[in-house]
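Trainee: Quick one: the structure is below, questions incoming.
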C-alpha cells in the first residue's frame with residue numbers, strides 16, 4: 001500500500017475519534033511531535049519538583065510539609081507516567097534523560113522562576129497548576145492513546161494540587177498585614193509567567209496547526225489562556241487580592257476578560273535558557289542523576305547476581 | 001528496550017528537534033521495562049495500568065506501588081517484563097478477526113421471539 005493510503009487511513013481514524021495506539025501506523029511527523037510534546041511534558045513534571053522541593057524543609061507547619069511532600073511525589077509520578085507514554089513511541093528513557101541534561105530538550109519555562117517565599121508555594125498550586133490543568137484536561141482527549149490515558153490519571157491527582165495551593169493562599173489572605181502582603185507579592189510575581197505557560201500567541205505558534213489537525217491539541221494557546229484568565233479573574237476576588245494587570249477588565253460584548261500585553265521578550269529569553277534559574281535547575285537535575293549512578297549500578301548488579309543464582313535451580 | 005514496538009515506514013526519527021538521537025552514550029544500567037497490571041479491588045480483573053523501569057521483579061512491584069497506587073488504587077499488583085509480551089499486529093486485524101465477522105447468530109438479538117418470552 002502506498003504511503004498516501006496509510007496517511008488517509010490514519011487521518012480518517014483521527015477524524016472519527018479513534019485513538020492511535022503504539023503499534024498502529026502513524027506518520028513520522030506525528031510520532032516526532034508526540035515524542036517532543038510528551039517528553040517535554042515529562043521533563044516539566046520532573047523539573048517542577050525542584051522549586052517546590054525548596055520549601056519542604058521550611059514549610060510553616062507539619063501539615064503543610066506533609067501536603068507538600070505528597071504533591072512533589074505526585075509530580076514525580078506524573079513524570080514517570082509520561083516518560084512511559086513517550087517510550088511507547090520508540091524513544092528510550094535514557095535518551096530522554098540525556099536530552100534533558102544536555103539542554104537539547106525543553107521543559108516548561110515556568111520552573112525557571114525562583115520560589116522566594118512560602119506564599120510562592122500557594123501561588124504555584126493555584127496559578128501554575130491551574131494553568132497546567134487547563135492544558136491537561138484538554139489532553140485527556142488527545143489522539144494518541146497512551147498520552148491520553150496518562151493524562152486521565154494525572155488530572156485525577158492534579159485537582160488536589162490546585163486546591164491545596166488556593167487554600168494556602170486563602171489562609172495568608174486572612175492573616176496579618178505581612179502575610180497579606182506576602183500573598184499579593186507572590187501573585188504579582190507568578191501571574192505573568194503563568195500566562196506565558198500557554199505558549200506563544202496563535203499567530204506565532206509553529207506547532208498548533210498540524211497538532212490541531214491531528215487532534216494532539218484540541219484548543220489553541222489563546223483559547224486556553226483566555227479560559228484561564230476568565231477563571232482566575234473571578235477566583236482572585238475570593239482572596240481579596242488583585243491581579244497585576246491594569247488592563248484586566250470584563251468585556252460584556254466578548255463575554256471574556258480583556259487583558260494587557262504579555263512580555264514576549266521575557267518569554268523567549270527564558271525559553272532560550274536565560275531565565276533566573278535555568279542553570280540552577282539543570283545543575284540540580286544533573287547532580288541528582290550523577291549522585292544516583294551508584295544506586296542504579298548496584299541495583300543492576302544485584303539483579304544480575306540474583307538471576308544467575310536462580311539459573312541452576314531452573315535447569 | 002529501544003526496539004520495543006518500534007516500527008517506521010519511511011525513515012527513522014531524524015535527529016533534529018524531534019527528541020531522540022542515535023549517538024547517545026549508554027551507561028549500560030538502563031533497567032528493563034515492566035508492564036504493570038493492577039486489581040483495583042477483590043472481584044475485579046487485573047487491568048493494565050502502565051509501565052515502569054526496574055532492575056528486577058521485586059523492585060518493579062515496589063515501584064509500581066509508589067507510581068500507580070499512591071491513593072489506594074490497588075489491592076494486587078502484577079508485573080511482567082515488557083519483552084515477554086507478544087502483541088497482535090494491528091495491520092493483520094482484518095484477517096485475525098475475520099472468523100467472527102459473519103456470525104451474527106452468536107448474538108442473542110439475532111433471535112426474534114414472541115413477546116411473551118422476549119425477556120429470555
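Trainee: Calculated from DSSP H runs of 4 or more alone, at -39500 (n - 2.57) each and per residue, what is the 222 nm mean residue ellipticity of chain A, nearest 500?
Mentor: Value at 222 nm, helices only, nearest 500: -21500 deg cm²/dmol.
Trainee: Restricting to Cα pairs below 8 Å that are 6+ residues apart, what does the relative contact order work out to for chain A? Please round to a whole percent.
Mentor: Contact order relative to length: 18 percent.
Trainee: Can you give the Rg to Rh ratio of the protein assembly as shown, both from alpha-carbon atoms, with Rh computed by the Kirkwood formula?
Mentor: Value, to two decimals: 1.01.
Trainee: Report the label-to-label distance for residue A:201 and residue A:280 in nanometres (one decimal), using points 7 Å from each Cα along the Cα→Cβ vector.
Mentor: 3.2 nm
Trainee: How much of the DSSP bridge set in the protein assembly as shown is antiparallel, in percent, rounded to the nearest 5?
Mentor: 95 percent
Trainee: Order these peptides, A:225-237, A:91-103, by their mean beta-carbon neighbour count within 10 angstrom, highest first.
Mentor: Highest to lowest by the protection proxy: A:91-103, A:225-237.
Trainee: Once a ≥ b ≥ c are taken as the square roots of the eigenvalues of the Cα gyration tensor of segment B:37-90, is the result rounded (a/c under 1.5), prolate (a/b larger than b/c) or oblate (a/b not larger than b/c)?
Mentor: oblate
Trainee: Rounded to whole Å, give me the distance from the Cα center of segment A:105-170 to that of segment A:220-295.
Mentor: 11 Å
Trainee: Shifting gears a bit: Would you mind computing the Rg to Rh ratio of segment A:102-204 from its alpha-carbon coordinates, Kirkwood style for Rh?
Mentor: The Rg/Rh ratio comes out at 1.04.
Trainee: Average partner chain C-beta neighbours within 10 Å, per residue of A:81-88?
Mentor: Across the residues of A:81-88, the mean count of other-chain Cβ atoms within 10 Å is 5.
Trainee: Could I ask something else about it? For segment A:166-248, state the semi-axes of the equivalent ellipsoid (square roots of 5 times the eigenvalues of the alpha-carbon gyration tensor), sorted largest first and rounded to whole angstrom.
Mentor: The equivalent ellipsoid of segment A:166-248 has semi-axes of 32, 12, 10 Å.
Trainee: Over the C-alpha atoms of segment A:1-146, what are the Rg and the largest Cα-to-Cα span, Dmax, in Å?
Mentor: Values for segment A:1-146 (Cα only, Rg and Dmax): 18.2, 64 Å.
Trainee: Going by how many other beta carbons lie within 10 Å of each one, how would you line up B:56, A:15, fewest first?
Mentor: A:15, B:56
Trainee: Hey, got the average number of other protein chain Cβ atoms within 10 angstrom for residues in A:18-28?
Mentor: 4
Trainee: Other chains near B:50-61: what is the mean number of their Cβ atoms within 10 Å of each residue's Cβ?
Mentor: 5
Trainee: Does segment B:67-120 classify as rounded, prolate or oblate by the C-alpha gyration tensor (a ≥ b ≥ c root eigenvalues; a/c under 1.5 gives rounded; else a/b over b/c gives prolate, otherwise oblate)?
Mentor: In terms of gyration-tensor shape, oblate.
Trainee: Please report the relative contact order for segment A:40-187, taking Cα pairs under 8 Å with a sequence separation of at least 6, and give it as a percent rounded to a whole number.
Mentor: Relative contact order comes out at 26 percent.
Trainee: Moving on to the next point. What nm value, rounded to one decimal, do you get for the distance between residue A:171 and residue B:97 when each label is placed 7 Å out toward the C-beta?
Mentor: With each label placed 7 Å out from Cα toward Cβ, I get 5.2 nm.
Trainee: What shape does segment A:252-315 take by its C-alpha gyration tensor, where a ≥ b ≥ c are the square roots of the eigenvalues and a/c under 1.5 counts as rounded, a/b above b/c as prolate, and the rest as oblate?
Mentor: oblate
Trainee: So, one more: For a protection proxy built on the mean count of beta-carbon atoms within 10 angstrom, sort A:270-280, A:53-63 highest first, please.
Mentor: A:270-280, A:53-63
Trainee: Thinking of segment A:40-119 as a set of Cα atoms, what percent of all their pairs are more than 14 Å apart?
Mentor: 65 percent
Trainee: Dividing the alpha-carbon radius of gyration of segment A:157-303 by 2.2 N^0.38 Å (N being the number of residues), what value is obtained?
Mentor: With N residues counted in segment A:157-303, Rg over 2.2 N^0.38 Å equals 1.38.
Trainee: Determine, for each peptide in A:167-174, A:197-204, the mean count of other beta carbons within 10 angstrom over its residues, then list the peptides with the highest first.
Mentor: Taking the mean over residues of other Cβ atoms within 10 Å, the ranking is A:167-174, A:197-204.
Trainee: Fully extended, how many nm does the chain gain between residue A:307 and residue A:255 (0.36 nm per residue separation, minus their Cα-Cα distance)?
Mentor: So the extension gain works out to 12.2 nm.
Trainee: Which FRET efficiency, nearest 0.05, do residue A:73 and residue A:138 yield, Cβ-Cβ r, R0 25 Å?
Mentor: Given R0 = 25 Å and the Cβ-Cβ separation, E is 0.50.
Values quoted throughout were computed directly from the atomic coordinates according to the rules given, and no laboratory measurement underlies them. Since we're looking at a predicted model, the values are computed, not measured. Neighbour counts run over all protein chains shown; Cβ positions are idealised from the backbone, glycine included.
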